[in-house]
Amino acid sequence: MKQTFSHRVFDWILIGISLIFSVLTFMNLMNGFEYFSSFILRITFAFVSATALISLLIQKFNGERLSRIFIIVSLIIPAILIFYQYLTDLIFYSANRLNLLQNPTLFLKLIGGIVLLYFAIKFSKQEEVDRIKDYGILIIGIGTFTICYVLIRTIEPNLNSELTDYPIWKTITKITIGILTLIIGIRIKNLKTKFNKGLILTLILMFIFGLI
């Protein structure tokens, strides 16, 4: 059996969690959806979960990289997105939607994700520089996803009359944010930007993206 991290039990925990998420996310793909722009989120979560599971089982895949991406994308980022939505409603609409933050499952995922990420770093067999490169690859993926999502959301109203048109200024601004995020990820991967600096810039860009 492939051993990805230095702790065998941790490997099995990740295999079990990624298996559960793979099953749940693929079942979710079978449910109906209103908008394709929201459906690609389901596709992304299913893909990330499945690749993490495969990488923990098959030798030739980078299990550490893909399992850390799974932890961040499937467990940590969803909670951040909800928090961004809460801030957006509060700042722009003066709507204190505390119900968005009253989701115990979401916060269990967030806490579990932070704990798993901590142990993924603790039990890592990679050098720190390789982990930094992996985070750069993740940020590249976030930038690429952002660009694709905005383009689909811009085009979709022409195919679905129920959706409101996406303002051109918003499209340009959000695509620019996606491109900047992509550039930051490339620079981190190539070790041309310090990781801490790149991470802060990425979080700022994603915060702006969520507010627009």
- request: Determine the dipole magnitude for the chain: charges of +1 sit on the beta-carbon of Lys and Arg, -1 on that of Asp and Glu, nothing else is charged, the reference point is the Cα centre, and the result goes in debye to the nearest 20.
  value: 720
query: So what is the calculated 222 nm ellipticity per residue for the chain, using -39500 (n - 2.57) for each DSSP H run with n of 4 or more, over all residues, to the nearest 500 deg cm²/dmol?
result: -25000 deg cm²/dmol
message: With +1 on the Cβ of every Lys and Arg and -1 on the Cβ of every Asp and Glu, and nothing else charged, how large is the dipole of the range 108-150 about its Cα centre, in debye rounded to the nearest 20?
response: 160
field: Fully extended contour minus Cα-Cα distance, from Ile172 to Leu57, at 0.36 nm per residue
entry: 37.3 nm
query: Using 1/(1 + (r/R0)^6) with R0 = 41 angstrom and r between the beta carbons of Val129 and Leu163, what's the FRET efficiency to the nearest 0.05?
result: 0.40
field: For the chain, with +1 on Lys and Arg beta carbons and -1 on Asp and Glu, the positive-most of Thr105, Ile172, Ser49 along the dipole
entry: Ser49
- request: Provide the per-residue ³J(HN,Hα) series for the range 201-209, in order, calculated from phi with Karplus coefficients 6.51, -1.76, 1.60 and θ = phi - 60°, each as a whole number of Hz, with x at glycine and proline positions.
  value: 4, 5, 5, 5, 5, 5, 5, 4, 4
In nm, spacing of pseudo-spin labels at Ile43 and Ile155 (7 Å Cα→C-beta vector): 1.0
- prompt: Taking 0.36 nm per residue of separation and subtracting the Cα-Cα distance, what length does fully extending Leu87 through Asn31 add?
  reply: 17.2 nm
message: So, taking all protein chains as they sit and a 1.4 Å probe, how much accessible area belongs to Lys125, in Å² rounded to tens?
response: 120
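The values are calculated or read from the model by the stated rules, or taken from the named source; none is laboratory data. Just so we're clear, the structure is a prediction, and the values are computed from it rather than from any experiment. Glycine gets a Cβ as well: all are built from the backbone with ideal geometry, and neighbour counts include every protein chain shown. Side chains included, ligands, DNA and RNA excluded: accessible areas come from the protein's heavy atoms. Shrake-Rupley method; radii C 1.70, N 1.55, O 1.52, S 1.80 Å.
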